[in-house]
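Worksheet: one structure, shown below.
The values are calculated or read from the model by the stated rules, or taken from the named source; none is laboratory data. Since the structure is predicted, the reported quantities are computational estimates derived from the model, not experimental observations. Neighbour counts are summed over all protein chains in view; Cβ atoms, including those assigned to glycine, are modelled from backbone coordinates with ideal geometry.
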Amino acid sequence: MNPTTPTIGEGTRIMHFLIDTIFICILSYFIYGWYNFYVFFWHFMPFRYGYFFFATTWVYTFLFELIFCQTPAKMFTHTKVVSTNGKRPNPVQFFIRATLRTLLITMFGMAWNDQPLHDSFSKTKLVATRK
C-alpha cells in the first residue's frame, strides 16, 4: 500500500454500517427462526433475538474480515481493512476489531480521534482497494 493512500471518510463508513446491518439483521432473523423451531418442538431454552443479533454481528465481522479483509459492504465500496503499517492485519487484530465493532459505543471514537474505536484499538485502518 502506498503511504499516501487516503483513508475512508464518515459517509462511506455510514454506508458500510447500514449495508452490513441489513445483512446481519436478515441473517440473524433466519438463525433466530431456525433456533425457535427447536424451542417450540424440542423445548430448547428460549433466547431473545438480541443475543442472536449480537452473536451474528461478531461472527459476520470476524469471519469476513479474517478471510477477505472486507465485509460485503466494503466489497461494494471497494475498501478493505489493513493494519497501520499497510499490511494484512493478524488474527488478533481481527478479533479485537470484531469485538469492539459489536459494541454500540465504537462509533464515538470519531468525535475525538477521526476514526472509530475498533480501528484505534486494533491498530487498523480502512483504505480504498482501487482508484
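Residues checked against (1) within 18 Å of Leu18 (Cβ to Cβ); (2) hydroxyl-bearing (Ser, Thr, Tyr); (3) in contact with an Asp or Glu (Cβ under 6 Å, 6 or more places away or on another chain); (4) buried (at least 19 other Cβ atoms within 10 Å of the Cβ):
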{"site": "Phe64", "(1), (2), (3), (4)": "yes, no, no, yes"}
{"site": "Thr79", "(1), (2), (3), (4)": "yes, yes, no, yes"}
{"site": "Pro89", "(1), (2), (3), (4)": "no, no, no, yes"}
{"site": "Phe94", "(1), (2), (3), (4)": "no, no, yes, yes"}
{"site": "Leu100", "(1), (2), (3), (4)": "no, no, no, yes"}
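Looking at segment 83-92, is at least one residue among the hydroxyl-bearing types (Ser, Thr, Tyr) and assigned to a helix (DSSP H, G or I)?
Taking every residue of segment 83-92 in turn, none turns out to be among the hydroxyl-bearing types (Ser, Thr, Tyr) and assigned to a helix (DSSP H, G or I).
Do we have Phe47 as surrounded by 13 or more Cβ atoms within 10 Å (Cβ to Cβ), at pLDDT 95 or above and part of a loop (DSSP other than H, G, I, E, B) here?
For Phe47, the condition - surrounded by 13 or more Cβ atoms within 10 Å (Cβ to Cβ), at pLDDT 95 or above and part of a loop (DSSP other than H, G, I, E, B) - is met.
Residues being of a type in the set (Gly, Ala, Ser) and more than 11 Å from the chain's Cα centre (by Cα): count how many of those fall in segment 73-99.
Number of matching residues: 2.
Yes/no matrix, rows are residues, columns are (1) touching a Gly at 6+ places or on another chain (Cβ under 6 Å); (2) hydrophobic (A, V, I, L, M, F, W, C); (3) under 19 Å from Asp119 (Cβ atoms):
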site: Asp20; (1), (2), (3): no, no, yes
site: Ser28; (1), (2), (3): no, no, no
site: Phe40; (1), (2), (3): no, yes, no
site: Pro46; (1), (2), (3): no, no, no
site: Ala55; (1), (2), (3): no, yes, no
site: Tyr60; (1), (2), (3): no, no, yes
site: Ala73; (1), (2), (3): no, yes, yes
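Given the conditions (1) surrounded by 18 or more Cβ atoms within 10 Å (Cβ to Cβ); (2) under 19 Å from Leu18 (Cα atoms), report the number of the one that Pro72 does not fulfil.
Of the numbered conditions (1) surrounded by 18 or more Cβ atoms within 10 Å (Cβ to Cβ); (2) under 19 Å from Leu18 (Cα atoms), the odd one out for Pro72 is (1).
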